[in-house]
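Remarks on the structure that follows.
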Amino acid sequence: MHVDGTRAVLEAARRAGVRRVVLLSFLRARPDTRSGYHQTKWEAEELVRAAGLEYTVLKSGMIYGPGDHMVDHVARAVRTFPVFATVGFRERRARPLPIADAIDVLVAALEGRMPNQTVALMGAEELELGAAVRRIAEVAGGHPLYVPARRSGASASSRR
């Protein structure tokens, strides 16, 4: 969908006389990766940059806000289960971005205030993912025991 869908949207935009496109991609999208998700997001970015239209590629990290499924699931888990497994060999860091800030940047891109640029969308505060989970737990009223867990081998998903 990332590649074929983007290609179809670009073709439809050209036919309709659209002069500007904005693509919401992913911060870790890059070429030559083992992740099909990251690779196909990168390929979609490249299609947009080469389309001959004014563009803005927004490379988003973690976005959160009201109704956010990830935050809702974590909040439910830390309130429900006495143990919360943190997955991974090392603690990953993130810069979560409030949805309102992401929308402000998206509107600026749609208005053409960032023509022909690739822009990283990240929040001002950097924290470990475990710290983010603990913060959600604090707000949600959960007090689980945190246990580090090894990450199992993830299978590569379909490229298209």
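Worth pointing out:
- For the stretch 29-40, filtered to residues that are part of a helix (DSSP H, G or I) and polar (S, T, N, Q), the residue that is surrounded by the fewest Cβ atoms within 10 Å (Cβ to Cβ) is Q39.
- Any hit, the stretch 3-20, residues being touching a residue at least 40 places away in the same chain (Cβ under 8 Å), touching an Asp or Glu at 6+ places or on another chain (Cβ under 6 Å) and farther than 26 Å from G123 by Cα: yes
- Boolean, A109 is crowded, with 17+ Cβ neighbours inside 10 Å, under 15 Å from R28 (Cβ atoms) and in contact with a Leu (Cβ under 9 Å, 6 or more places away or on another chain): no
- Being open to solvent by less than 90 Å² (accessible area, probe 1.4 Å) and either closer than 30 Å to V21 by Cβ or under 18 Å from the mean Cα position of the chain (by Cα) (or both) is a description that applies to E128.
- A16 vs. criteria open to solvent by 20 Å² or more (accessible area, probe 1.4 Å) and small (G, A, S): yes
- Identity of the residue in the stretch 62-75, without any contact (Cβ under 8 Å) to a residue 24 or more places away in the chain and open to solvent by 80 Å² or more (accessible area, probe 1.4 Å), that ends up nearest to P144 (Cα to Cα): H73
- If you go through the stretch 76-104 and keep only what is among the hydrophobic types (A, V, I, L, M, F, W, C) and open to solvent by 40 Å² or more (accessible area, probe 1.4 Å), you end up with F81, V83, A85, V87, F89, I99, A100, I103.
- Here T86 does not qualify as at pLDDT below 95, farther than 29 Å from E111 by Cα and out of contact with any helix residue (DSSP H, G or I) (no Cβ under 7 Å at 6 or more places or on another chain).
- Count of the stretch 131-160 residues, restricted to those that are under 30 Å from R20 (Cβ atoms) and at pLDDT 80 or above, is 0.
- For the stretch 41-61, the count of residues that are polar (S, T, N, Q) and open to solvent by 80 Å² or more (accessible area, probe 1.4 Å) is zero.
- Given (1) of a type in the set (K, R); (2) modelled with pLDDT of 85 or more; (3) in contact with a helix residue (DSSP H, G or I) (Cβ under 7 Å, 6 or more places away or on another chain), index of the condition R92 fails: (2)
- Considering A44, A109, A94, the condition of being touching a residue at least 12 places away in the same chain (Cβ under 8 Å) and touching a strand residue (DSSP E or B) at 6+ places or on another chain (Cβ under 6 Å) is satisfied by A109 alone.
The values are calculated or read from the model by the stated rules, or taken from the named source; none is laboratory data. This one's a predicted model, so the numbers in the text were calculated from it and none came from an experiment. Note that each Cβ is placed from the backbone with ideal geometry, even for glycine, and that neighbours are counted across all protein chains shown. Heads up: the accessible areas ignore ligands, DNA and RNA and are worked out on the full protein's heavy atoms, side chains in. Shrake-Rupley method; radii C 1.70, N 1.55, O 1.52, S 1.80 Å.
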